[in-house]
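Chemist: First, the structure itself, so that you have it in front of you.
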Amino acid sequence: MKNQSSPGLLITLEGGEGGGKTTQIVRLRDKLTELGKDVIALREPGGTTVSEQIREVVLSAKNAGMAYTTEVLLFQAARAQIYREIVLPSLAAGKVVLMDRSRDSSVVYQGIVRGFGRELIEQLNNISTKETYPNLTILFDIPVKQGLERVAKAGTANRMEMQGTEFHEKVRKAYLDLAKEDKSGRWQIIDASKSIDEVEKAVWQVVAEKL
Ligand SMILES: Nc1ncnc2c1ncn2[C@@H]1O[C@H](COP(=O)(O)OP(=O)(O)O)[C@@H](O)[C@H]1O
Ligand SMILES: [Mg+2]
């Protein structure tokens with residue numbers, strides 16, 4: 001496994017629902033911009049015209065009948081597009097690329113929790129990303145109940161968030177296992193149960209080390 005070796009920096013925000021990834025990516029982008037960094041913030045699935053259309057299909061609560069295999073391939077299709085259109089050119093140009101979810105979400109949700117296997121999903125990830133791994137992956141770890149309460153309060157549950165508690169417990173454990181087994185040193189686990197400002201500080205601490 002290699003980290004991407006282009007001049008840019010790829011940072012991914014990962015974890016289950018309600019950890020604050022979407023909240024913190026904005027703060028992180030603004031802070032890096034203030035420091036004069038050329039930074040771009042993206043979300044997966046999404047981030048390009050094609051990928052946002054795929055996002056709509058894959059996350060819509062209307063599509064409860066979607067086959068797991070369809071889900072696997074749609075996530076990868078959206079990923080292939082965003083890496084070719086934005087991520088890889090941006091890294092080559094030396095930018096800091098922040099991503100709200102990327103390859104590890106597929107490993108956790110489809111590979112481990114849905115049972116397609118890590119190896120298969122990593123093979124697909126490598127096709128989609130041209131074998132690009134993040135320089136830093138921040139795991140927003142939070143107890144399932146607390147994360148789901150935050151999401152419920154916001155009232156924006158999507159197809160993934162509508163799964164039962166057991167599903168989310170598996171997601172949490174799968175992420176923690178990945179982070180702990182990793183030998184590349186790219187994973188950092190942060191306690192996402194704290195306040196927004198405290199989480200922001202924790203995020204900044206691990207990002208600053210990579211700048
Ligand atoms: N540290 C925090 N404490 C309390 N509420 C939070 C915190 N971080 C985010 N939230 C709120 O919880 C909800 C989910 O946060 P979000 O950033 O969308 O998480 P994620 O993208 O990881 O699912 C949002 O309504 C957000 O405002
Ligand atoms: Mg989010």
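Readers should treat all values here as calculations from the given coordinates under stated rules, not as data from a laboratory. All figures in this text were calculated on a predicted structure; none of them were measured in a lab. Here the Cβ positions follow ideal geometry from the backbone for every residue, glycine too, while neighbour counts run over all protein chains shown.
Chemist: Residues in region 1-48 that are part of a helix (DSSP H, G or I), away from ligand 2 (no atom under 16 Å from the Cβ) and over 12 Å from Lys95 (Cβ atoms): how many?
Modeler: 3
Chemist: Also, quick follow-up: Within the group Ile127, Ile142, Ile112, Ile82, which residue is closer than 26 Å to Lys173 by Cβ, of a type in the set (A, V, I, L, M, F, W, C) and more than 15 Å from ligand 2 (Cβ to nearest atom)?
Modeler: Ile112
Chemist: Still on this structure: Starting from region 96-108, take each residue that is without any contact (Cβ under 8 Å) to a residue 40 or more places away in the chain and list its partners that are of a type outside the set (D, E, K, R) and within 16 Å of ligand 2 (Cβ to nearest atom), counting only C-beta distances under 6 angstrom and pairs at least six apart or across chains.
Modeler: Matching pairs, first to second residue: Ser106/Phe75.
Chemist: Need pairs with beta-carbon distance below 8 Å; first residue surrounded by fewer than 17 Cβ atoms within 10 Å (Cβ to Cβ) and within region 114-131, second outside any helix (DSSP H, G or I); sequence gap 6+ or separate chains.
Modeler: Hits for this filter: Glu131/Lys2.
Chemist: Further, regarding this structure: How many residues are in contact (Cβ under 8 Å) with a residue 60 or more places away in the chain and within 15 Å of ligand 1 (Cβ to nearest atom) if we restrict to region 165-204?
Modeler: Adding up the residues that qualify gives 10.
Chemist: Sticking with this structure for a sec: For residues that are surrounded by 17 or more Cβ atoms within 10 Å (Cβ to Cβ) and of a type in the set (Phe, Trp, Tyr), tally how many sit in region 168-211.
Modeler: Residues meeting the conditions: 2.
Chemist: Output the residues belonging to region 93-109 that are under 20 Å from Gln163 (Cβ atoms) and within 16 Å of ligand 2 (Cβ to nearest atom).
Modeler: Asp100, Arg101, Asp104, Ser105, Ser106, Val108, Tyr109
Chemist: Return yes or no: is Asn63 surrounded by fewer than 21 Cβ atoms within 10 Å (Cβ to Cβ), without any contact (Cβ under 8 Å) to a residue 12 or more places away in the chain and not hydrophobic (A, V, I, L, M, F, W, C)?
Modeler: No: the conditions fail for Asn63.
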